[in-house]
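Taken together, the values in this text are just the output of simple stated rules run on the coordinates, not laboratory data. These numbers were taken from a predicted model, which means no experiment stands behind them. Every residue, glycine among them, receives a Cβ derived from its backbone with ideal geometry; neighbour counts consider all protein chains shown.
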Amino acid sequence: MNLSQGAVHPVEAPQPQTEGAANAPHHRARMKDLQGMPGTVGGLVLRVSQLLSAVVALSVMATTSDFSSASAFRYLVAAVGLQSAWSFVLAIVDAYALLAGRRLQNSRILSLFAVGDGITSSVTFASACASAGVTVLISNDLGACRKNHCAEFETATAMAFLSWFGALPSFLLNFWTLASK
């Protein structure tokens, strides 16, 4: 009978580390912080752009007397209000992290940021799409711009889309960073 027997291969003993390598931290190599991630200047710029666009959309829509005439416009006000609050809080967190020299790469923090950005960006995008549809209906199909505030509705809708364009990269970077850990 011809049975195969396991072979034992000698393993070399680990070499003693040099003095510089002994003082180096023993953790996985991290990728460089990408601009746009939490705690970076790019992340702060994205948060401020989200915030400004959402605040302008909220302000323009709130100054019209008949925004409550369509549920899509009420939805837009609620969505950009949520986006404003979320972006404001995270802009403060990013500014603090930059000033204090902290890294915001903790898995729990990234999970919170990714979920929050995913929810707010989805809600903002959906409300902007709904408002755009109603605005097109009022202006093009009904021809009722003389009776309504079409310019204000279009401006608020455009600003909501700009807020979403700022929120989407934040969500994607946070989600990608979290998934790559």
Do any residues in the range 73-95 that are crowded, with 17+ Cβ neighbours inside 10 Å have Cβ atoms under 7 Å from those of residues that are among the acidic types (Asp, Glu), where the two are at least six apart or on different chains, and which pairs are they? none
Does the range 40-47 include one or more residues that are under 13 Å from residue 170 (Cα atoms), part of a loop (DSSP other than H, G, I, E, B) and either in contact (Cβ under 8 Å) with a residue 24 or more places away in the chain or over 12 Å from the mean Cα position of the chain (by Cα) (or both)? yes
Provide a single number: the residues in the range 136-181 that are over 11 Å from the mean Cα position of the chain (by Cα) and buried (at least 23 other Cβ atoms within 10 Å of the Cβ). 5
Working only within the range 59-117, note down all residues that are touching a His at 6+ places or on another chain (Cβ under 6 Å) and either assigned to a helix (DSSP H, G or I) or under 15 Å from residue 167 (Cα atoms) (or both). none
Does any residue of the range 79-99 turn out to be of a type in the set (Asp, Glu) and under 16 Å from residue 49 (Cα atoms)? yes
Give just the number: which of (1) over 20 Å from residue 45 (Cβ atoms); (2) touching a helix residue (DSSP H, G or I) at 6+ places or on another chain (Cβ under 8 Å) does residue 90 not satisfy? (1)
Which numbered condition residue 66 fails, given (1) crowded, with 18+ Cβ neighbours inside 10 Å; (2) farther than 24 Å from residue 172 by Cβ; (3) of a type in the set (Asp, Glu): (1)
Got at least one residue in the range 126-139 being part of a loop (DSSP other than H, G, I, E, B) and of a type outside the set (A, V, I, L, M)? no
